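Shown next, in structure tokens, is the structure this report addresses.
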Amino acid sequence: MSSFLQRKLNDPGAGRKPDITESGSASEMHAVEVQHAEPHTGIPPKKITPPKIAHLRKLLRSRVLKTPDEADQWSRAEPDKEALITERLKAIVEKLAQEKLEFRLSQAEFVDLREAIINDVLGFGAIEPLVEDGSVSEIMVNGPEVIFEEYKGKMVESELIFDDEDHVLWTANRIVRRIGRQLNRENPMTDARLPDGSRVHVVTAPSALCGTTISIRKFPTKRLTMDDLVKFGSLSKDVADFLEACVVSRLNVVVSGGTGSGKTTLLNVLSGFIPEDERILTIEDAAELQLHQRHVVRLETAPPIVGGDGRKGSLTIRDLVRGSLRMRPDRIVVGECRGGEALDMLQAMNTGHDGSLTTIHSNNPRDCIARLETLVLMAGMDLPIGVVRRQIVSAVDIIVQLSRIKDGSRKITQITEIQGMEGESVTLQDLFIYRLPGQTGSQPSAVGGGKLESTGFRPKFIDRLEESGFRLSSRIFGAGQNRFDKPM
């Protein structure tokens, strides 16, 4: 810091009192030191905040707030709040500049400092540009110096970095505090969401060995529709019509897929087909679903009360699913089954709450069944596996499998009907499979260039669709042409 200040002393303009009311574009005036990457490493040159600005940002960002949480509900989209923070910062800097040399700033330096502090107290620190960039779908902070972004399905390392670990923690705490959660030694891992609904997961010390880790799954600025998914090539118009018929006809649907495969996006789209006259309850860890219907009740899990026994005040997904059955729902939409709530969800599907939807992490429909079995057993009930499987077969009608394929795009790769039991085994039948032209075999393709094709089998529940007024064309199911030899 001393060498930096010495260079400022040698600057003839360093001693002038700046006109810090002058406006300026931060994008034009903001000075950053670029740390050049070693050749052939694939690491981009990093934009490093000048040491003086980084030091003053850390020192002053808490001083422009009356309380630590004053600005938690404020945002960069509020010009009056930005003006308020600017005025407070101006007053603090003018007062301190009379006492210490390090607070004497040029106009350009003040603009840099103002932008940095406003990003910290109204935005999301170093990653504010990524949060605002609609083309970035995921942001991954692996400590202060390594930030990755997903752009058009591809993961790339960002040129942005945080100043230090304290800077990452400041941003993480601003994110989690606004929804009443804490990040500390007692709670080193937590889920949260951004104001636009984007999902956030944070892990800090002692578990995060490289520094506080922030993972953000961004929420689309525009609510996607089934037409959008058809346009993106995730499925065909015929399959979209089929899925709409399944939802309206009150089939129970499980959306299966790996991390980042688009499960929540598809669940949101499918939920949009639920008729307006039905009461819908959504249950999530961090609320992401955006249903346009009028009669929607949104429920979200709650952490334990701080300083309590670790249980008081807590509401889990399972608590909410069981409680929802007393709220007269027509449909229950669970953002993700990941524990014992799977048993409660299956029981709800089997006891008059048909037409319910949920998602599960699994790689294919057969794995989805196995995963459901495991989750049901996590409920602590000593149920024979045969009983569990019969519960699944009785409750779930179809599994929609999503995958992120090698070109970075997300596709529906299988739509599979649960047909029943053969002995102790669950019988599955693929209705649609994502395949390349001329591809043989019954496994979906893992590369782009294919399409979701019918297997030629009509679902056993076709009568239910017709009873609901859907008479789908026979060409949707391949007009009876069996392209595959046998059920799974």
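No value in this document is a laboratory result; all are computed from the given coordinates. The structure displayed is predicted, hence computed values, not measured ones. Please note: Cβ atoms are built from the backbone with ideal geometry, for glycine as well, and neighbour counts cover all protein chains shown.
Starting from 0.36 nm per residue, how many nanometres of slack lie between L59 and K222 once their C-alpha separation is accounted for? The span from L59 to K222 would gain 54.9 nm if fully extended. For the chain, dividing the convex hull volume of the Cα atoms by the residue count gives 179 Å³ per residue.
Which order do the peptides 218-230, 249-261 come out in when sorted by mean C-beta neighbours inside 10 angstrom, highest first?
Most protected by this proxy first, the peptides run 249-261, 218-230.
Annotation: lysines with alpha-carbon distance below 29 angstrom to K237 (same-chain offsets under eight excluded): K152, K154, K218, K222, K263, K406, K411, K451, K460, K486. In whole angstrom, note down how far apart the Cα centers of the range 137-159 and the range 339-392 are. Measuring centre to centre over Cα atoms gives 35 Å. In whole percents, the pair-distance distribution calculated for the range 106-146 from its alpha-carbon pairs, binned every 5 Å from zero, is 6, 21, 21, 23, 17, 9, 3, 0. The modelled label-to-label distance for the pair A108/R185, using points 7 Å beyond Cα in the direction of Cβ, is 4.5 nm. Maximal additional length on extending the N350-V447 stretch stands at 31.2 nm, based on 0.36 nm per residue less the C-alpha distance.
Using a simple charge model, +1 on the beta-carbon of Lys and Arg, -1 on the beta-carbon of Asp and Glu, nothing else, what dipole does the range 366-425 show about its Cα centre, in debye to the nearest 20?
Result for the range 366-425 is approximately 360 debye, rounded to the nearest 20.
Fully extending the segment from E424 to R311, taken as 0.36 nm per residue of separation minus the present Cα-Cα distance, adds 36.8 nm. Assuming charge only on the beta carbon of Lys and Arg (+1) and of Asp and Glu (-1), the dipole of the range 207-291 about its Cα centre is about 340 debye to the nearest 20.
What do you get for the angle between helix 385-395 and the principal long axis of the chain? Use alpha-carbon atoms, 0 to 90 degrees, nearest ten. Value to nearest ten degrees: 90.
Taking the mean number of other Cβ atoms within 10 Å as a proxy for protection, how do you rank 427-436, 173-182 from highest to lowest?
Details: 427-436: 21.2, 173-182: 17.8.
Put in order of decreasing packing, that is 427-436, 173-182.
Taking label positions 7 Å along the Cα-Cβ direction at both Q73 and C210, the computed distance is 3.7 nm, reported to one decimal.
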